[in-house]
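Each remark here refers to the structure printed beneath this line.
The values are calculated or read from the model by the stated rules, or taken from the named source; none is laboratory data. Predicted model, so just to flag it, every value in this text is computed and none were measured. Backbone-built Cβ (ideal geometry, glycine too); neighbour counts: all protein chains shown.
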Amino acid sequence: MLDNGRQEVLANNYFLNKVKDGRKKIKFDRDGMAVFVIAFIISLAIIVGLYIISPYSKTFKVTVEGNHYLKEEDIVNKANLSKYFLLTNPKEKEAELLSDPLIEEATISMHNGNIVSIEIKEVKQIGYILEDGESKLLLINDDRVTLNKDNLYLIDKVPLIEGYTKEELTKIEKGFENVDYKVINEISEIHKYPISYDNEQMEVIMRDGNYCFMSSTGLHLLENYYSISSAIDSSKGYACAYFDDLTNSAYISTCPWQVEEVQEELSEEEISEELS
C-alpha cells in the first residue's frame, strides 16, 4: 500500500496531465475554428465574386413611366442607378430625382428579373420666355429653369410667351392650371393682342396654324379647342376662334386683321366716292 506522500505525487501528476490534455484540446478547437472561418470567408468571397461577374448581378432593365416632357434617358441618368441590381437604394435614388426642379414626385421600385421601375410626376411646363438675356422654361409653380444644350429640346413641347411682365405671367400660369399638357403642347406662341374693349386679350397661335383669342382668365377654355377647331374654315372667311370666359363659350369668326382689312377697304371706297 502506497504511503500518503506517494499518493499525493501520483494525484498531482494525474492532474497535470489532465490540464495538459485540456490545453491541447482547446488549442486544437481554436485552430479548427480559425480554419473554418478562413474557409468560410474564402468560400463567400468566391461566391460573391462569381455573382458579380455573372449577368444575374446586373440590372437587366430600367422602365420609366409618367414622363411627358423629359426624355427617358435623361431621367435614368439623373437617377444615377448602380449597374448592380442589389446595390440600388430606391430612397436614395428618388431623392436624386426630386432634386430636379422639373420633377414633382418620384417612386423607384425593384422587381423580379432585375428590373428597376421609375415612375415620376413632372411639374407642368407652361412655356418658355426670354428673361435676362436667357431662354427659360416657365413652370406652373412660378419657377423658371434656364435652358441649355442639354434640355433645349423641351421648347418643342411648350409655346413661346412674349411681351408679359412677371405679374402677368403669374396670371397666365393660373389660367393654365386646369389645362391638360397635351393642349399646351399644341400651342406654338402666345402674344398680347389688346383691343378697344379688352386690353388683356391674348393671341394664341396653335401649331396647326389656327389663331385663338381670349383673356388669361379664359385659358382654361382651350380644353375645348379640339371640338371647335374642326369648324374653322379659312376659305369661308372664318379663320379664328374666340373664347369668352364671361359666357363660358367659344365661337368661330373672322380674324381681327380681316376686320381691319374690310374696314380699310370701306374707308377707301368712301374716300373715292367723296373725290368723285
request  = Tell me, please, whether a residue that is among the hydrophobic types (A, V, I, L, M, F, W, C) and more than 22 Å from MET214 (Cα to Cα) can be found in segment 143-150.
outcome  = yes
note = Taking first residues from segment 68-85 that are under 15 Å from LEU98 (Cα atoms) and second residues anywhere that are among the small types (Gly, Ala, Ser) and surrounded by fewer than 20 Cβ atoms within 10 Å (Cβ to Cβ), the pairs with Cβ under 9 Å that are 6 or more apart or on different chains are LYS78/SER99
task = Quick one: which helices (runs of 4 or more DSSP H) lie wholly within segment 172-276 and hold at least 2 residues that are at pLDDT 90 or above and either loosely packed, with under 14 Cβ neighbours inside 10 Å or out of contact with any Gly (no Cβ under 6 Å at 6 or more places or on another chain) (or both)?
result = 181-185
key: Matching residues in segment 127-139 - criterion: being among the hydrophobic types (A, V, I, L, M, F, W, C) and modelled with pLDDT of 95 or more   = ILE129, LEU137, LEU138, LEU139
